[in-house]
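In what follows, a single structure is set out as C-alpha cells and then discussed.
Nothing in this text is a laboratory measurement; each read-out follows from the coordinates by a stated rule. Computed from a predicted structure; not experimentally measured. Ideal geometry is used to build each Cβ from the backbone, glycine not excepted, and the neighbour counts take in all protein chains shown.
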Ligand SMILES: Nc1nc2c(ncn2[C@@H]2O[C@H](COP(=O)(O)OP(=O)(O)O)[C@@H](O)[C@H]2O)c(=O)[nH]1
Ligand SMILES: [Mg+2]
C-alpha cells in the first residue's frame, strides 16, 4: 500500500464524517445561511476549532458561491481552502547542516515520541545516515525498554543509563559518544510529564544547557509530537511546549485513530509551525512527510 493510500485509510473516520456530513447538508439544498450554519457545526465536531472554522465559513460566505452548488463542489472548495491553510506548514524536514545533527524530541506522555523516533530513524538510516539514540526518558523503565526495542530492530546504537538516572547527565555522555562515533543524527527521547510543568521545564532546560556544553548550537531541531486523538488539546500542548522550551516543528501522530483529522488544519492555522511528519499507524513505515494537497484531498475523501 502506498503512503497516500495509508493516509486515506488512516483518515477514513475523519473523511467519512466530513464527507458524509457535507453530502447530507447539501443534498438538494442550497448554499445559504442555514446550510452554512450546518457546515460550521460539522467542522467544529471534526475538530477544526472555533477560529479556523469561522475563517473557513467566512471565506465561503464571501465568495458568494453559486446557490445551486452541489455537495461535490462544496467538498472541492473546502479542500482547496484547507490546502491553502496547510501549505505554509509543508516544509522539507532537513537533518543536515550539523554533525551530529541533534534532534530533541518532546511531547506529553503517550503522544508517540518514542515510536516516531523509531520510525524516523529507520527512514534516515535508509538514506545512508548513521543514527543513534539517547534514552533520556529515564523515569519509566518501560520507556527505555521501548526505545531499546526500536534500536534493536534497526540495529541502532542507543545510549541509556540505569532507571531514574539524571537525564541531563545521560545526554551529556550520550552526545559525547555520538560525536566520537561520528554519528550523523542523534535523537534524544525525553519524558513528557506536562502535569508538572515546572519540573518538566527545569528538566528540558537542563538537558539543553548540558548538550550545549558539548555542541553549542544544539539541539538543531526540537520537535514536538502531538497525538491527533487529543483534538483541540493538541493546540494547548503546542502553546505549553513553545513556552517551556521552544519548538521548531511538529509531528502529528495517530491520525488513523479518530475522526479528529480536522485538528491538523486548526494547528496549521493557529500555530504556524512546520508539520514535518504525520503518523497513521504503529508500524515502522506508518510515518511520512506532510503534504498539504494530499492531506486536504484525503480529508475530504477526494482523489
Ligand atoms: N494508531 C497509532 N498509534 C500510534 C501512532 N504513533 C504512536 N502510536 C502508539 O501510541 C502509543 C504511545 O506511543 P509512544 O511512542 O510510547 O509515546 P511517548 O510516550 O510519547 O513516547 C504506543 O502504543 C504507540 O504504538 C500512530 O501514528 N498511530
Ligand atoms: Mg516514550
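Note down the relative contact order for region 101-290 as a percent, whole number, built from C-alpha pairs under 8 angstrom at least six residues apart. All intermediate terms of the calculation are to be shown ahead of the outcome.
Details: 356 pairs, mean separation 48.8, N = 190.
After rounding, I find 26 percent.
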TODO: For n ≥ 4 DSSP H runs only, could you compute -39500 (n - 2.57) per run for the chain, divide by its residues and tell me the 222 nm figure to the nearest 500?
DONE: -16000 deg cm²/dmol
TODO: Please figure out what share of the DSSP beta bridges in region 101-290 is antiparallel and state it in percent, rounded to the nearest 5.
DONE: 10
Open item on the list: Could you work out the relative contact order of region 175-247? I mean the mean sequence separation of Cα pairs under 8 Å and 6+ apart, divided by the number of residues, in percent.
Closed with: 27
Open item on the list: I'd like the distance between the alpha-carbon centres of region 1-32 and region 270-291, rounded to an integer number of Å.
Closed with: 20
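Can you give me the relative contact order of region 188-303 as a percent, contacts being Cα pairs under 8 Å and 6 or more apart?
20
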Open item on the list: Quick check: Cα centre of region 171-245 to Cα centre of region 44-65, how many Å?
Closed with: 34
- [ ] Give me the angle, in degrees from 0 to 90, between the Cα long axis of helix 141-154 and the longest principal axis of the Cα atoms of the chain, rounded to the nearest 10.
- [x] 90
- [ ] Mind running the shape call on the chain? Use the C-alpha gyration tensor, a ≥ b ≥ c as the square roots of the eigenvalues: rounded below 1.5 for a/c, prolate if a/b tops b/c, oblate otherwise.
- [x] prolate
Task: Ranked packing of 218-230, 91-103, most packed first, by mean Cβ within 10 Å - done: 218-230, 91-103
Open item on the list: How tilted is helix 33-45 with respect to the longest principal axis of the chain? Cα atoms for both, answer in degrees (0 to 90, nearest 10).
Closed with: 20
Open item on the list: Compute the helix-to-body angle for 12-25: its Cα long axis versus the longest principal axis of the chain, expressed 0 to 90° and rounded to tens.
Closed with: 20
